1. Do you know which residues across the stretch 78-94 are out of contact with any strand residue (DSSP E or B) (no Cβ under 9 Å at 6 or more places or on another chain) and outside any helix (DSSP H, G or I)?
2. Could you tell me whether the stretch 176-185 includes any residue that is exposed (fewer than 15 other Cβ atoms within 10 Å of the Cβ) and within 24 Å of ARG268 (Cβ to Cβ)?
3. Could you tell me how many of the residues in the stretch 86-119 are basic (Lys, Arg) and open to solvent by 90 Å² or more (accessible area, probe 1.4 Å)?
4. Would you pick out the residues in the stretch 42-57 that are within 16 Å of PHE20 (Cβ to Cβ) and either among the hydrophobic types (A, V, I, L, M, F, W, C) or open to solvent by less than 40 Å² (accessible area, probe 1.4 Å) (or both)?
5. Mind checking which residues of the stretch 262-313 are among the charged types (D, E, K, R) and either surrounded by 17 or more Cβ atoms within 10 Å (Cβ to Cβ) or at positive phi (or both)?
6. How do the pairs read when you match residues in the stretch 95-107 that are assigned to a helix (DSSP H, G or I) with residues anywhere that are of a type in the set (Val, Ile, Thr) and open to solvent by 80 Å² or more (accessible area, probe 1.4 Å), using Cβ under 9 Å and keeping only pairs 6 or more apart or on different chains?
7. Within the stretch 302-319, can one find any residue that is in contact with a Leu (Cβ under 7 Å, 6 or more places away or on another chain) and at pLDDT below 95?
8. Looking at the stretch 122-164 only, could you name the residues that are at pLDDT 95 or above, more than 9 Å from the ligand (Cβ to nearest atom) and of a type in the set (Asp, Glu)?
Amino acid sequence: MVKIPTLLAERIAAATDAAFPGSSYEVASLVEAAADTRFGDYQSNLALRLAKAVGKPPREVANAIVTALAIDDLCQTPSIAGPGFINLTVREELIARTAMELGADAQLGASVTSRPTTVVLDYSAPNIAKEMHVGHLRSTIIGDCLARVLGFLGHDVIRQNHVGDWGTQFGMLIEYLVDTGAADQPELGVKDLDGFYQAAKREFDANEDFKLRARNRVVALQSGDPRSLELWRRLVEESKRHFRAVYARLGVLLEDRDIRPESFFNPRLAEVIGDLALLGLARESEGATCVFPDGFKRKDGEPLPMIVRKADGAFLYATTDLAALRYRVTELHADRIAYVVGEPQAQHFAMLFAVARMAGWLTDAVRAEHVSFGSVLGPDRKPFKTRAGGTIKLVDLLTEAVERARAPSTSGRAGATPVT
Ligand code: ARG
């Protein structure tokens, strides 16, 4: 397939050869995308480069090239701007014809890479026992687009759905399952994950006895108590059913086997801390284990730590991410790791990469990046919250979006009113 810039470059080359026989230039650099699209689609800076060799002012050189230029079938009349740029505006017929050709090509004109890489894409990553909310929509859709594009270009994409399925909140949730009798039913039957979460939280805040049992339950869960683990697994399964419904509705690539949840890394966390200590990077600070990467400061100017283990021995989100990064490099053999996560976590990822580099777990051979995006705002211009209650579940939002899109439009702008 002939590309438009190549066609244009050939014509410019022919005109230049006619106007200045024997001049030397590189055909590949004759035409580039316009610096300012108000003046055209492409531009050639050849006249500026040739001026010295032919001993004429650049504008004059440009004039001579344009006079010799036969390009009417491809472009509107070329113009000369500034010191001697030749501006080219492509004819709409040519754009349309090229678009048709691209559309007919199985690869849409994009060539498959000659250097395929292994790309780990971390996206979607909702949290168990909470409904997916509108914030997860962006990660899911942006991540899925990247997965499709990179795969299309011939890269080996490994999807990793870093589902949040571990943490102290499970003590409370499991204990609530027991209290409500759901734990003894063959089906947990949690139709509304958020409602369930909020009810458990209310109980936790209001009831001292419940709070104590929830704390003990966390300990039991973390030390592998079979009954606690079984209930935790059932909660995870229940949540996955909700996620699946959303993914099916969105038509994304994510499958169950892409789920590599936080709990997967539990057996590797102690090693992360051990290795950081061996490397001399971990330091005790107020009982917690911390790493202080260069260049990160608190507001008061003191070094900002990445806490990898709390004083009570608990591991954190950051510890799991360190373990996951190591796994992706050493076992998934990633050349590139992209985390599709909202902007509020920018500092977390900057510190994660910094600490992993200090430890030698991330080297220059691997490209790690945070693909960040902004928050979805409510009508009050503040980020949509999950816990404050009244938040729209993603699945309901999608249903409403489809309904509105299908509804006959009266004003021509159906669905333009904000969701409230
Ligand atoms: N579960 C997290 C959240 O909902 C996102 C996880 C992103 N991935 C990661 N490797 N930290 O905020």
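1. Correct list: GLY82, PRO83, GLY84.
2. Checked against the condition, which is being exposed (fewer than 15 other Cβ atoms within 10 Å of the Cβ) and within 24 Å of ARG268 (Cβ to Cβ), the stretch 176-185 yields no hits at all.
3. The total comes to 2.
4. Of everything in the stretch 42-57, those that are within 16 Å of PHE20 (Cβ to Cβ) and either among the hydrophobic types (A, V, I, L, M, F, W, C) or open to solvent by less than 40 Å² (accessible area, probe 1.4 Å) (or both) turn out to be SER44, ASN45, LEU46, ALA47, LEU48, LEU50, ALA51, ALA53, VAL54.
5. Correct list: GLU262, GLU286, ARG309.
6. THR98/VAL2; GLU101/VAL2
7. yes
8. Within the stretch 122-164, ASP144, ASP156 meet the criteria.
The values are calculated or read from the model by the stated rules, or taken from the named source; none is laboratory data. From a predicted model like this one, the values you see are computed outputs, not experimental measurements. Neighbour counts run over all protein chains shown; Cβ positions are idealised from the backbone, glycine included. Heavy atoms of the whole protein, side chains included, go into the accessibility calculation; ligands, DNA and RNA do not. Shrake-Rupley method; radii C 1.70, N 1.55, O 1.52, S 1.80 Å.
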